[in-house]
1. If A113 satisfies every condition in (1) in contact (Cβ under 8 Å) with a residue 60 or more places away in the chain; (2) small (G, A, S); (3) farther than 20 Å from F386 by Cα but one, which is the exception?
2. What about T388, is it outside any loop (DSSP other than H, G, I, E, B), in contact (Cβ under 8 Å) with a residue 24 or more places away in the chain, open to solvent by less than 50 Å² (accessible area, probe 1.4 Å) and closer than 30 Å to R137 by Cα?
3. Find the residue count for segment 248-282, including only residues that are assigned to a helix (DSSP H, G or I) and closer than 29 Å to G168 by Cβ.
4. Of all residues in segment 22-38, which are open to solvent by 60 Å² or more (accessible area, probe 1.4 Å) and either among the β-branched types (V, I, T) or under 35 Å from the mean Cα position of the chain (by Cα) (or both)?
5. Out of D410, D316, D320, D366, report the one residue that is surrounded by fewer than 22 Cβ atoms within 10 Å (Cβ to Cβ), among the acidic types (D, E) and under 21 Å from E175 (Cα atoms).
6. Keeping to segment 339-357, report how many residues are part of a helix (DSSP H, G or I), touching a helix residue (DSSP H, G or I) at 6+ places or on another chain (Cβ under 9 Å) and open to solvent by 30 Å² or more (accessible area, probe 1.4 Å).
7. Restricting attention to segment 67-96, which residues are surrounded by fewer than 17 Cβ atoms within 10 Å (Cβ to Cβ), more than 22 Å from the chain's Cα centre (by Cα) and assigned to a helix (DSSP H, G or I)?
8. Out of L48, L64, I need the residue that is without any contact (Cβ under 8 Å) to a residue 60 or more places away in the chain, surrounded by fewer than 24 Cβ atoms within 10 Å (Cβ to Cβ) and either in contact with a helix residue (DSSP H, G or I) (Cβ under 7 Å, 6 or more places away or on another chain) or assigned to a helix (DSSP H, G or I) (or both). Which one?
Amino acid sequence: MSVEVITILMFAALMGSIAFGHPLAITLTAVATIFGLLTNGFDVPGLLGLFANNAWGIFLNYTLVAIPLFIFMAQILDRSKVSEGLFEALYIVLGGLRGGLGMAVIVVSTVFAATTGIVGASVVAMGLMAGPALLKRGYDRSLSAGIICSSGTLGILIPPSIMLVVYGGLTGQKETSVGNLFAAAILPGLLLSGLYLLYVGIRCYLNPKVGPPIPAADRTATVMQKVTMTLKNFVPPFGLILTVMGTILAGIATPTEAAALGCVGALILALVTRKLNWEVITQASISTARTTAMIMALFVGGKFFSVVFLSMGGGDVVADVLLGMDVSPYVVFIIMMAVVFFMGMFIDWAAILLVVVPIFTPIAMDLNFNPLWFAMMVCINLQTSFLTPPFGYSLFYFKGVAPPEYTMGDVYRGIIPFVTIQVIGLALLIAFPQIITYLPDVFFGR
């Protein structure tokens with residue numbers, strides 16, 4: 001068989017196995033094994049050696065040590081209920097505005113994203129806190145679901161982000177180091193958060209019924225009380241953000257070292273809020289071990305898949321097709337983004353990175369795209385994978401903790417405008433790439 005046919009069959013086998021519901025890490029490894037044997041003349045020892053060498057290389061990657069540290073930090077923060085106080089404060093401060101409570105959810109989710117880096121923790125926490133509150137205050141159910149699900153996904157983009165750590169560890173390039181990726185993700189994350197706020201503010205201003213302000217009888221706090229409450233609940237998480245991001249951007253600590261500092265800071269916050277006990281530490285440790293094992297299993301399977309795919313010439317086939325098109329480089333870029341977007345509907349973000357980055361990155365370099373800009377566009381695109389049916393994780397995270405009044409129809413309708421906003425955000429970053437590259441240039445002088 002020709003390389004072209006084998007390439008098509010390998011991707012078809014991957015998508016077919018996923019459609020049947022097989023575990024993704026096992027699927028990636030199994031498909032790579034089958035096609036690896038077919039293309040190397042059934043050299044079993046050679047294929048096992050390839051698998052062992054790549055797995056060992058992954059486990060020796062110092063950057064990836066940040067993954068369990070950031071996950072543990074997120075687990076401790078989730079159990080210390082740091083976000084609850086901030087939500088209650090912003091509920092009082094912004095509740096008098098049309099859509100104010102919804103905007104408070106977005107602000108809290110943005111802050112929480114900058115302290116956790118895990119979507120599940122953000123969506124579940126806001127679903128438990130804000131889901132009933134928005135319903136009680138008469139907010140449209142679709143709008144409420146869309147706000148919580150979309151703002152919760154900022155946790156995968158705004159640093160410290162597990163996805164950015166994985167991307168940086170996967171490429172091993174200076175231009176796309178974890179520090180550069182963290183710096184590059186700050187402004188795009190804030191841009192998306194700002195677009196969410198703008199949309200909710202405009203929609204609720206034009207139609208107050210979908211996001212009414214809280215009654216005047218509930219707005220009894222003085223200006224000084226509002227300021228005090230906001231500062232009291234904002235300073236602790238902001239201090240943690242400065243500890244983690246400040247040390248990285250200032251060049252004082254590597255991302256792995258900063259993650260360790262973040263763990264210490266999260267434990268201190270939990271101690272201050274009187275939530276720190278042996279049960280919290282035990283449950284956080286167990287959750288960290290499970291999540292880390294899942295990510296590393298995906299990393300090993302995905303890396304093996306990409307190595308086999310590239311070694312048999314599949315990457316050259318894809319590159320020849322895309323680079324052989326007599327079109328603008330941005331048309332090729334849009335095709336690559338469309339592939340990532342489509343895969344995000346069915347496959348976990350980690351597996352997508354492990355499959356497409358080794359294939360698409362060389363093509364992007366041949367087209368003279370900035371590697372950091374291209375990396376961030378892929379990551380921002382992957383944020384939509386948490387919202388797009390049929391397998392958008394955020395949708396099911398929210399539905400699992402939301403009051404029964406929220407139907408899946410409400411959830412699906414609610415995310416449509418926010419996915420559109422994310423596409424608009426991608427368009428703005430294409431038009432103004434400096435949004436991505438500005439902070440890395442300032443802090444690291446790329």
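1. Answer for A113: the failing condition is (3).
2. no
3. 19
4. Result: H22, P23, I26, I34.
5. D366
6. 2
7. E88
8. From the options L48, L64, the qualifying one is L48.
The values are calculated or read from the model by the stated rules, or taken from the named source; none is laboratory data. Keep in mind the model is a prediction, meaning the values are calculated, not measured. Glycine gets a Cβ as well: all are built from the backbone with ideal geometry, and neighbour counts include every protein chain shown. Areas reflect the complete protein model, heavy atoms only, side chains present, ligands, DNA and RNA absent. Shrake-Rupley method; radii C 1.70, N 1.55, O 1.52, S 1.80 Å.
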